[in-house]
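Report on the structure given below.
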């Protein structure tokens, strides 16, 4: 009955509700290209895999690291000593390091990425060894 009502609405030129679209076969909207998924056999359903299967998958895939080595980080990371500006002192405190959530102390080393976000140098070095991405804006942190 719901399908008939939705078809009648379409024939009269009315707009379907979002829920009505789910009553129809997807191929009506997306064409025949959607009927055959050529990568169907390659997909993994990791949500329904056992712990042992996940461990075996990890062994097959190996370690996929997108991090940087320490030499690259030291060469590309801009560093400076932290110095609170007047605005931060007058309007409470500045933003803390978003990695460790600790406030900066005067004279402390901070590392600045290309996107201009800053962090404790030790925090951002450790982060960049795992992933070359800014933890705030997700842009490439250091161009290699």
Inset, instruction - Return a yes/no flag: does the range 75-85 have any residue that is assigned to a loop (DSSP other than H, G, I, E, B) and free of Cβ contacts under 8 Å to residues at least 12 places away in the same chain. - result: yes
Inset, instruction - With respect to residue 36, determine if the residue is at pLDDT 80 or above and either assigned to a loop (DSSP other than H, G, I, E, B) or touching a helix residue (DSSP H, G or I) at 6+ places or on another chain (Cβ under 6 Å) (or both). - result: no
Inset, instruction - Assess whether residue 99 counts as being in contact with a strand residue (DSSP E or B) (Cβ under 7 Å, 6 or more places away or on another chain), assigned to a helix (DSSP H, G or I) and at pLDDT 90 or above. - result: no
Inset, instruction - Kindly indicate whether any position in the range 56-65 is modelled with pLDDT under 80, closer than 29 Å to residue 134 by Cα and in contact with a strand residue (DSSP E or B) (Cβ under 9 Å, 6 or more places away or on another chain). - result: yes
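The values are calculated or read from the model by the stated rules, or taken from the named source; none is laboratory data. Model, not experiment: these values are computed from the prediction. When we count neighbours, we look across all protein chains shown, and the Cβ atoms used for this are built from the backbone with ideal geometry, even at glycine.
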